[in-house]
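Undergrad: Handing you a structure now.
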Amino acid sequence: MRVLSLLVEDGPNTLTKVAGAIRRRGFHVRGISVGPAREAGQSRITLEIDHGHAEADQVRKQLERVVEVLEVEDLTENAVHTRELVVAKVAGSELNGLLERGAKVLLQGADGTTVEFSGESKEVGEFVDELARHGVVDVVRSGPVVMRRTA
Amino acid sequence: MVLEALEREGVDYIFGYPGGANLPIYQHLAEFPKLKHILVRHEQGAAHMADGYARACGRPGVVFATSGPGALNLVTGLCTAYMDSVPMVAITGQVVSTQVGRDAFQESDVIGATSSVTKHSYLVTKIDQLPRVIHEAFHIATTGRPGPVLIDICKDVQQAEADGVTPDRSPAARKADFDIPGYRLNGHVNLSEARRAAEALSRAERPVILAGHGVLLSHAEAQLQDLAEAAAAPVGTTLLGIGSFPVKHPLSLHMTGFMGTGWNLKAVQNADVLMMVGMRVDDRVTARLADFAPKVKTFIHIDIDGSEMGKNVRPQIELVADAKQALAAMQPHVGSLDGGRSEWLTQIDRWREEHPLRYKHSNGHLQPQDVLIDMYRRADNEAIVVADVGQNQIWAALWWNYDRPGLFINSGGAGTMGFALPAALGAKFARPDLPVWCVAGEGGFVMTAQELSVAVEHQLDVKIVLLNNFSLGMVRQFQDDFYGGIRSQVDLTHMPDFVKLSEAYGMPAMRVEKFADIAPAFDAAERTRGPFLIDFRIDPEANVYPIVPLGKSLNEFWEMPEK
């Protein structure tokens, strides 16, 4: 699995071409998030990619060939901050297990409670497991957002 | 606006077909006499013509097509050019920008359909984007590892008033145009790596160099020969690398790969250092990857595209650079081992004697090899030879005999049947000074035979060598050898009379059925100005040898059975 941070042109063809380059080489996207970058006209794509039978570095190299891709940073095994967001609605009213983990209540109603939680992928995974014990009605997870850790 | 930009880029020929969505461009075509437009008979023909043009002269081929089916008919041609790294700029008409996405008449998602077979593509919805896009497209198509670039231009943009968007032609502005942030060009040779590569090659006991299309694209033939001679290293070529090294050179290993020569495969499989220049090292070169060149301690890979490094074979020394510059940087550090090397070269000579190219001379049928040997004798190191795909392609490759670099054009990566005729016509437009021979089987030939009209209309002096065996020969051979001998859907008995077909198009042709008639037919072809077709009725059982059975290693190549 590779974790890549892409700086791309914010254009109508970009996502198709990035996705096409990934699909064509037999890679598989496990996680993705897209948002505006610091500079206008650019977006940041964070990808978690399974590189299949190819050499790990092929993912970066193939993405670098896409002209709409301005920068590729392979963050795998680097010191990084990773955050994923989960928003979930649970039926139960007993929320201690969730609140202890740091969940924030967004809305409380007669038919359940909506909470949000963010953390590293592993923590989010554990949080989602915990949700099951609270009668989960719906759950939505974002893709990962990753930034290199610098002091 | 489009046409002005093309003129600025120095375009001379455009291969195209008009339609609803590119009418505004065609309306003004006659105002640009420097742009010679060749009206093809099918858009695929336009793409292959532009491809042949580009391969023959190195300048990008330019293609026009309309939206929808017109653009989609280019896909095979774009893929052919993409797989073989051929510079091309395809300009397609798109429906009016406000109609995009409404399933308008002849609308198709051309960017979506072509993005996996183009180096880059643009959808132009505003006139002010156009000058930069066209300039960029030519830059991207021709630099680094070349490839096709597609520009899809909405019809309203084509007919928009161009006032106020005339491009700035100052050198600074042109330089700025080339500053494309996401376009990474590799070209600078890492000198210490070049030195390491040279030393590894020099120290090798059993070196082999394999040369691919990249050597031809970078015009590095002289550098390759200098280096090989200095290192006393034998040189084989890939199918697309044919022409990059003289076949009659004492160091030549001729063609490599699963239909390569026996002595080449022996050399590759016994080499201790293998240097691969300007090539992708695909499955046709390696056969079973796990057993490819098993004795090699040091793989050296030179390619301008960094993503080729380790894509198939992991090199110990990699040079991501232009082949010419990389070879030149290696040259001062190259020598050859005394003594030890002569043993290796003697061994290769022995393999060359043990595994010669052979074919049946005298079974009563006309042999394709006899036809090609006579053709190459006449080509005399000069003519451009364009082959189609299948047995004809491999025979034409294996009997290539130039003792200096030359041009052998064929669809290697994509293996596109129907490529040869339009590509040969494109090559002739590009190089009217050189004879052009088109070698094709009847199966591929009929896929694009409508382009004979173009040959006749422009009286192009292209000689068509049709190797007609009334079957899909390569598929038939595979079925015979590897699929239980069950012949399935390979019979092409029902084909037109190719002499009459040629005459119907308005060009002369002859039929040849026996050996004695080969030379007179070629004489007649050479005496004729303009296109000429010879329908050679060849041995329907003639096969390609050597051949490595599918899924086997290069060691396991089959030679022509004795019987």
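The values are calculated or read from the model by the stated rules, or taken from the named source; none is laboratory data. Note that the structure is a prediction, hence the values are computed from the model and not measured. Cβ atoms come from the backbone with ideal geometry, glycine included; neighbour counts cover every protein chain shown.
Undergrad: In the range A:59-74, which residue that is acidic (Asp, Glu), within 12 Å of chain B (Cβ to nearest Cβ) and not in a helix (DSSP H, G or I) is nearest to residue A:19 (Cα to Cα)?
TA: A:68
Undergrad: If I go through the range B:371-401 residue by residue, how many of them are over 24 Å from residue B:352 (Cβ atoms), in a loop (DSSP other than H, G, I, E, B) and touching a helix residue (DSSP H, G or I) at 6+ places or on another chain (Cβ under 7 Å)?
TA: Final tally of qualifying residues: 3.
Undergrad: Looking only at the range B:302-333, which residues are within 14 Å of chain A (Cβ to nearest Cβ) and assigned to a strand (DSSP E or B)?
TA: Answer for the range B:302-333, where residues must be within 14 Å of chain A (Cβ to nearest Cβ) and assigned to a strand (DSSP E or B): B:303, B:318, B:320.
Undergrad: Within the range A:21-36, how many residues are more than 12 Å from chain B (Cβ to nearest Cβ), out of contact with any Asp or Glu (no Cβ under 8 Å at 6 or more places or on another chain) and surrounded by 15 or more Cβ atoms within 10 Å (Cβ to Cβ)?
TA: Of the residues in that region, 2 qualify.
Undergrad: Please count how many residues of the range B:242-301 are at negative phi and outside any loop (DSSP other than H, G, I, E, B).
TA: Counting residues in the range B:242-301 that are at negative phi and outside any loop (DSSP other than H, G, I, E, B) gives 28.
Undergrad: Can you confirm whether the range B:349-356 contains a residue that is more than 14 Å from chain A (Cβ to nearest Cβ), surrounded by 16 or more Cβ atoms within 10 Å (Cβ to Cβ), touching a Pro at 6+ places or on another chain (Cβ under 9 Å) and assigned to a helix (DSSP H, G or I)? Walk me through how you get there before you give the answer.
TA: Initial filter on the range B:349-356 (more than 14 Å from chain A (Cβ to nearest Cβ)): B:349-356.
Now drop any that are not surrounded by 16 or more Cβ atoms within 10 Å (Cβ to Cβ), which leaves B:351-352, B:355.
Those left that are additionally touching a Pro at 6+ places or on another chain (Cβ under 9 Å): B:355.
Next cut, assigned to a helix (DSSP H, G or I) only: none.
No.
Undergrad: Contact list please: Cβ distance under 7 Å, first residue in the range B:414-428 and part of a helix (DSSP H, G or I), second residue acidic (Asp, Glu), pairs at least six apart or on different chains.
TA: B:420/B:388; B:421/B:451; B:422/B:451; B:423/B:51; B:425/B:451; B:426/B:51; B:428/B:461
Undergrad: On to the next question. Being of a type outside the set (Val, Ile, Thr) and within 30 Å of residue B:267 (Cβ to Cβ) is true for just one of B:559, B:526, B:503. Which residue is that?
TA: Working: B:526 fails: within 30 Å of residue B:267 (Cβ to Cβ); B:503 fails: within 30 Å of residue B:267 (Cβ to Cβ).
Among B:559, B:526, B:503, only B:559 is of a type outside the set (Val, Ile, Thr) and within 30 Å of residue B:267 (Cβ to Cβ).
Undergrad: Now a separate question. So is residue B:414 of a type in the set (A, V, I, L, M, F, W, C), buried (at least 23 other Cβ atoms within 10 Å of the Cβ) and closer than 20 Å to residue B:86 by Cβ or not?
TA: Values: of a type in the set (A, V, I, L, M, F, W, C): yes; buried (at least 23 other Cβ atoms within 10 Å of the Cβ): no; closer than 20 Å to residue B:86 by Cβ: yes.
Criteria not met by residue B:414.
Undergrad: Say whether the condition of being within 26 Å of the chain's Cα centre (by Cα), of a type in the set (S, T, N, Q) and assigned to a strand (DSSP E or B) is met by at least one residue in the range B:207-227.
TA: Taking the range B:207-227 first, the residues within 26 Å of the chain's Cα centre (by Cα) are B:208-227.
Among the residues that remain, those that are also of a type in the set (S, T, N, Q) are: B:218, B:223, B:225.
If we keep only those that are assigned to a strand (DSSP E or B) as well, we get none.
No.
Undergrad: Condition (residue is within 14 Å of chain B (Cβ to nearest Cβ) and in a loop (DSSP other than H, G, I, E, B)) applied to the range A:80-97: is it met by at least one residue?
TA: Within the range A:80-97 (the criterion being within 14 Å of chain B (Cβ to nearest Cβ) and in a loop (DSSP other than H, G, I, E, B)), the answer is no, since none of the residues qualifies.
Undergrad: Of the conditions (1) on the phi > 0 side of the Ramachandran plot; (2) part of a strand (DSSP E or B), residue A:77 clears all except one; give me its number.
TA: Every condition holds for residue A:77 apart from (2).
Undergrad: Since residue B:298 meets every condition but one in (1) more than 14 Å from chain A (Cβ to nearest Cβ); (2) in contact with a Gly (Cβ under 7 Å, 6 or more places away or on another chain), which condition does it not meet?
TA: Checking residue B:298 against (1) more than 14 Å from chain A (Cβ to nearest Cβ); (2) in contact with a Gly (Cβ under 7 Å, 6 or more places away or on another chain), the one that fails is (2).
Undergrad: Where residues in the range A:39-58 are more than 10 Å from chain B (Cβ to nearest Cβ) and of a type in the set (A, V, I, L, M, F, W, C), which of them is surrounded by the most Cβ atoms within 10 Å (Cβ to Cβ)?
TA: A:47
Undergrad: Also, quick follow-up: I need a count of the residues in the range A:10-20 that are buried (at least 19 other Cβ atoms within 10 Å of the Cβ) and either facing chain B (nearest Cβ under 9 Å) or assigned to a strand (DSSP E or B) (or both).
TA: Matching residues across the range A:10-20 total 2.
Undergrad: Name the strands (runs of 3 or more DSSP E) wholly inside the range B:41-142 in which the number of residues that are under 27 Å from residue B:462 (Cα atoms), at pLDDT 95 or above and within 14 Å of chain A (Cβ to nearest Cβ) is 3 or more.
TA: Per the criteria, no element qualifies.
Undergrad: Same structure, new question: Just to be sure before I move on: is residue A:81 in contact (Cβ under 8 Å) with a residue 40 or more places away in the chain, within 26 Å of residue A:122 (Cα to Cα) and loosely packed, with under 13 Cβ neighbours inside 10 Å in the structure I sent?
TA: yes
Undergrad: When both residues are 6+ apart or on different chains and their Cβ atoms are under 9 Å apart, which pairs have a first residue that lies in the range B:312-330 and is within 22 Å of residue B:203 (Cβ to Cβ), and a second that is hydroxyl-bearing (Ser, Thr, Tyr) and in a strand (DSSP E or B)?
TA: B:315/B:298; B:316/B:298; B:317/B:298
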